[in-house]
Amino acid sequence: MGFPENFLWGGAVAANQCEGGSCEGGRGLANVDLCPAGKDRHDVICGHGKSLGKEAVSIYPSEEAIDFYHHFQEDIRMFGEMGFKVFRLSIAWTRIFPKGDEEEPNEAGLAFYEEVFKECKKYGIKPLVTISHFDCPVYLIEQYGGWRNRKMIDFYLKLCRTLFTRFRDYVVYWLTFNEINMILHAPFMGAGLYFGQGENEEKVKYQAAHHELVASALATRLAHEINGENQVGCMFAAGSVYPFSCNPKDVWEAMTVEQENYFFADVQSRGYYPSYARKRMEKRGVYPEMEPEDEKTLRENPVDFISFSYYNSRCASSLSQEKAEGNLFQSVKNPHLQYSQWGWPIDPLGLRITLNQIYDRYQKPLFIVENGLGALDVLREDGTIEDDYRIDYLREHIRAMKEAVEEDGVELMGYTTWAPIDLISAGTGEMKKRYGFIYVDKQEDNSGTLKRFRKKSFYWYQQVIATNGEKL
Ligand code: BG6
């Protein structure tokens, strides 16, 4: 019993949060480059930034990030040392197509990822590639308005074709869009959406979402055509929504919030718009424009597996209650849970509940591609970091995951923690919110040597993998 023998243990990162090298190798400007650290970040990621350029006064953390661009060999060697079976990373779109609408890809960008994949291969690590993790060329935003424009489907498919063909010998696991449901909560970061005054933002978001859903289905088809071994997953920000009380009004509220979240994976996995979504969108006047062939495209090209991030459960109430933070969604504060230093709930049993709910809903293999604890770490003079709080968090979540597999029969392909190495926070742009097993000497004011240090959790995870999750 326990985890299957071929269980994929590993870690997950995103290009814009770790690579840096933002002007190297012919890379073009992307939406993620324009998200500053600090107080303006929230407005910008939500599509309410003042301009589509950089402000002289702000720090843009993705410019250097943790400089994975120049450290990837060292970093992947350490992932190998921990025994990783899989490494989830994303492609910076503008390394491959700097503007987005070029005819030919940029060779330097492709060569960079090829080196990364070769390095993974050296240690027997399989890449799990997110094609777009909060990534959109600024040129496509300026010229076409980002994903609100249907033309984005073609630009995205060109990127997909290039990747599927070039990396055929290295990659079989693909995710089309990271946390596709984030388009509703962080539309500039999620889909390059930038709003004008008085615009019906909800309508734009659902139109853009429809374009991404069609693009995801077409990419799935293309991946299968190019290599029969390819397996394509959807990816959404998950976390069960609990009713605050057993008052039916709270239960109803929780159910509708949950449906809003499931909408994307429902379409990507079942292949059609669920009736609850149709009705509600029609009623609110935000039902997207579709082409006649879209229904068929969605129906014929569902994903092979379901992947998701899980940081915490959420809670909903029909009345106004005290709020809690959590992965760009706010929710009602659950009095039964502990909270992280960033105010995110900690709920390992919620992971087991979430796994059961998703598996019941789709009956397809699941993959947890993000789970972890953002915390303040202290680097001691002797170069050690005692991050027992992170070990506790991960241990309890892995235990819950094991119970879901062993006792509830959930089919789970793998688990990649967010993140194996410290990197820039997507939500806040902070460096001090650390998630890694590897500490990076990079500080909030952009200073630091970029030197890497193994934390206590590094050795702990190494042993978890070596025993296939038996020794926690
Ligand atoms: C997910 C994203 O939303 O959560 C990651 O896919 C992100 O990109 C992670 O980093 C953790 O959130 P944060 O805001 O702590 O970085």
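The values are calculated or read from the model by the stated rules, or taken from the named source; none is laboratory data. Quick caveat: nothing in here was measured; it's all calculated off a predicted structure. Cβ placement follows ideal geometry from the backbone for every residue including glycine, while neighbour counts extend to all protein chains displayed. Heavy atoms of the whole protein, side chains included, go into the accessibility calculation; ligands, DNA and RNA do not. Shrake-Rupley method; radii C 1.70, N 1.55, O 1.52, S 1.80 Å.
Name every residue in the stretch 361-399 that is of a type outside the set (D, E, K, R), out of contact with any strand residue (DSSP E or B) (no Cβ under 9 Å at 6 or more places or on another chain) and surrounded by fewer than 19 Cβ atoms within 10 Å (Cβ to Cβ), in order of residue number.
Gln363, Val378
Take the stretch 192-213 and flag every residue that is in contact with a helix residue (DSSP H, G or I) (Cβ under 7 Å, 6 or more places away or on another chain) and open to solvent by less than 60 Å² (accessible area, probe 1.4 Å).
Gly192, Leu193, Phe195, Val204, Lys205, Tyr206, Gln207, Ala208, Ala209, His211, Glu212, Leu213
Can you confirm whether the stretch 176-186 contains a residue that is closer than 20 Å to Leu29 by Cβ, touching a strand residue (DSSP E or B) at 6+ places or on another chain (Cβ under 7 Å) and either of a type in the set (D, E, K, R) or in a loop (DSSP other than H, G, I, E, B) (or both)?
Looking for residues that are closer than 20 Å to Leu29 by Cβ, touching a strand residue (DSSP E or B) at 6+ places or on another chain (Cβ under 7 Å) and either of a type in the set (D, E, K, R) or in a loop (DSSP other than H, G, I, E, B) (or both), one finds at least one in the stretch 176-186, hence yes.
For Val204, are the conditions met, namely being away from the ligand (no atom under 16 Å from the Cβ), among the hydrophobic types (A, V, I, L, M, F, W, C), touching a residue at least 12 places away in the same chain (Cβ under 8 Å) and more than 21 Å from Gln143 (Cα to Cα)?
no
Please work out if Lys85 is at pLDDT 95 or above and not aromatic (Phe, Trp, Tyr).
Criteria met by Lys85.
Which of (1) touching a residue at least 24 places away in the same chain (Cβ under 8 Å); (2) farther than 21 Å from Phe134 by Cα is the odd one out, the single condition Ala56 does not satisfy?
The one condition Ala56 does not meet is (1).
Which of (1) touching a residue at least 60 places away in the same chain (Cβ under 8 Å); (2) at positive phi does Gln363 not meet, given it meets every other one?
(1)
What residue, of Glu103, Glu119, is acidic (Asp, Glu), over 30 Å from Gln462 (Cα atoms) and open to solvent by 10 Å² or more (accessible area, probe 1.4 Å)?
After ruling out the rest, the residue left standing is Glu103.
What number of residues in the stretch 214-247 are surrounded by 23 or more Cβ atoms within 10 Å (Cβ to Cβ) and polar (S, T, N, Q)?
3
Identify, by number, the condition in (1) away from the ligand (no atom under 16 Å from the Cβ); (2) touching a residue at least 40 places away in the same chain (Cβ under 8 Å) that Glu381 doesn't meet.
Result: Glu381 passes all but (2).
Mind telling me which of the residues Gln363, Gln338 ends up being under 17 Å from Phe308 (Cα atoms) and more than 12 Å from the ligand (Cβ to nearest atom)?
Residue meeting the stated conditions: Gln363.
Got at least one residue in the stretch 148-159 being in contact with a strand residue (DSSP E or B) (Cβ under 9 Å, 6 or more places away or on another chain), open to solvent by less than 30 Å² (accessible area, probe 1.4 Å), touching a residue at least 40 places away in the same chain (Cβ under 8 Å) and under 16 Å from Asn261 (Cα atoms)?
No, the conditions are met nowhere in the stretch 148-159.
In the stretch 226-319, which helices (runs of 4 or more DSSP H) lie fully inside it and hold 1 or more residues that are under 17 Å from Ala208 (Cα atoms), touching a strand residue (DSSP E or B) at 6+ places or on another chain (Cβ under 8 Å) and more than 16 Å from the ligand (Cβ to nearest atom)?
The qualifying helices (runs of 4 or more DSSP H) are 248-270.
Do you know which of the residues in the stretch 258-303 that are of a type in the set (Ser, Thr, Tyr) and over 26 Å from Gln330 (Cβ atoms) is most open to solvent (accessible area, probe 1.4 Å)?
Checking each candidate, the answer is Tyr272.
Hey, can you tell me all the residues within the stretch 406-440 that are more than 7 Å from the ligand (Cβ to nearest atom), farther than 28 Å from Glu381 by Cα and of a type in the set (Gly, Ala, Ser)?
Within the stretch 406-440, Gly409, Gly414 meet the criteria.
Looking only at the stretch 432-472, which residues are assigned to a loop (DSSP other than H, G, I, E, B), more than 11 Å from Asp387 (Cα to Cα) and among the charged types (D, E, K, R)?
Lys432, Lys433, Asp441, Lys442, Glu444, Asp445, Lys451, Glu470, Lys471
Can you tell me which residues in the stretch 123-147 are touching an Asp or Glu at 6+ places or on another chain (Cβ under 9 Å) and crowded, with 24+ Cβ neighbours inside 10 Å?
Ser132, His133, Phe134, Pro137, Leu140, Trp147
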